[in-house]
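Student: Got a structure for you, written out below as structure tokens; questions coming shortly.
The values are calculated or read from the model by the stated rules, or taken from the named source; none is laboratory data. All of these numbers come straight from a predicted model, not from anything done at the bench. Cβ coordinates were reconstructed from backbone atoms using ideal geometry, including for glycine residues, and neighbour counts include every protein chain displayed. Remember, those area values only see protein heavy atoms, side chains included, never the ligands or the DNA or RNA. Shrake-Rupley method; radii C 1.70, N 1.55, O 1.52, S 1.80 Å.
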Amino acid sequence: MKDKLAITISDLNGSKTYLVSYIIKKFAAYFAIFVFIMIAGGAFYIYRISNTTELLRSVRDGLKVERKTLSEENAKYSEELKILDEKIKVSTAKYEAIEDKIARMEEDLGLNPDAKIEILDRIENYKLSALEKQAMFTQIPNGRVIAEYKRISSRFGWRDHPIDGTRIFHHGVDFACEVNTPIFAPAGGIVEFAGFNGGGYGYLVTINHNFGFKTRYAHMTGNLKVKNGQFVQRGDVIGYCGNTGRSTGPHLHYEVMFLSRHLEPLNFVNWDVNNYESIFTKETNVAWGSLLRSVTATIHKID
């Protein structure tokens, strides 16, 4: 072979001769295939990378928008949180103020509640105590019974009768007053008697109150403002101060009774919200415990 470069390879089976140009051609063909595969693979990889990059860019842009939205919402919620925090502070202050007010009211009412009791329960207890007081003060004689008086001319207890001079028990208290001074009912009740009494009381009014209490008003003028069987409320005018019957001068004779037993009237005249519990120790002839339970039970039924 002229101008041909040959390569001979010998082994146990014999010898083979290869032309160098054939080898080069074969190598070039394989290399071309390899280069094509690499280029095609690179192109496909670049295409995939490009698509992935575009997708990631789209996701990134979406995340940016979402982050911006979340940031704006976070700012909004932060502002709302501040407002709520201020409202909580205001509500807490109001709660504490209410708690202090209730504590003062409880102190005024003589209550000593457990510190663990919730404020709503304490409000309920205060409400019942206030209603209990209201019920007591509207149904049991208390406070003034005459608009004005000059002095107390005779007190409850033993005394020398101003007319007979005999030693006798005075069942009421006498308020020296001007004729026609208004006289008030100290609690709600029903008029048992209103008229002239021939036993020395002159013009007399007797009122039956709840829970066994009764009050009596003597030496009034004949201008009585109530009649037998009439219902009266606390503060109603029942008549006027006079000088009728066995009397040495214009005055109101006032009596308080419980189950026909005479009590010290001034204890009830001086009884008010500021000394609510004082009556319980001053008037031991009244079963206050069962009376209070009855009042509270009535309030619960109404409530």
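Student: Is it true that F211 is part of a helix (DSSP H, G or I), among the aromatic types (F, W, Y) and open to solvent by less than 60 Å² (accessible area, probe 1.4 Å)?
Tutor: In short, no.
Student: Mind checking whether some residue in the range 113-136 is at pLDDT below 65, open to solvent by 100 Å² or more (accessible area, probe 1.4 Å) and acidic (D, E)?
Tutor: So far as the range 113-136 goes, yes, one or more of its residues are at pLDDT below 65, open to solvent by 100 Å² or more (accessible area, probe 1.4 Å) and acidic (D, E).
Student: How many residues are part of a strand (DSSP E or B), in contact (Cβ under 8 Å) with a residue 60 or more places away in the chain and open to solvent by 20 Å² or more (accessible area, probe 1.4 Å) when one looks only at the range 234-250?
Tutor: Step one: of the range 234-250, the residues part of a strand (DSSP E or B) are 237-242.
Applying the additional criterion that residues be in contact (Cβ under 8 Å) with a residue 60 or more places away in the chain yields 240-242.
Okay, now just the ones that are also open to solvent by 20 Å² or more (accessible area, probe 1.4 Å), so 240.
Qualifying residue count, the range 234-250: 1.
Student: Taking only the range 251-261 into account, find how many residues are hydroxyl-bearing (S, T, Y), surrounded by fewer than 21 Cβ atoms within 10 Å (Cβ to Cβ) and under 13 Å from A185 (Cα atoms).
Tutor: 0
Student: Also, quick follow-up: Quick one: which of F268, F280, F231 is of a type in the set (F, W, Y) and within 21 Å of F175 (Cα to Cα)? Walk me through how you get there before you give the answer.
Tutor: Details: F280 fails: within 21 Å of F175 (Cα to Cα); F231 fails: within 21 Å of F175 (Cα to Cα).
That would be F268, the only listed residue that is of a type in the set (F, W, Y) and within 21 Å of F175 (Cα to Cα).
Student: Can you name the number of the only condition in (1) out of contact with any helix residue (DSSP H, G or I) (no Cβ under 8 Å at 6 or more places or on another chain); (2) surrounded by 18 or more Cβ atoms within 10 Å (Cβ to Cβ); (3) touching a residue at least 40 places away in the same chain (Cβ under 8 Å) that Q230 fails?
Tutor: (2)
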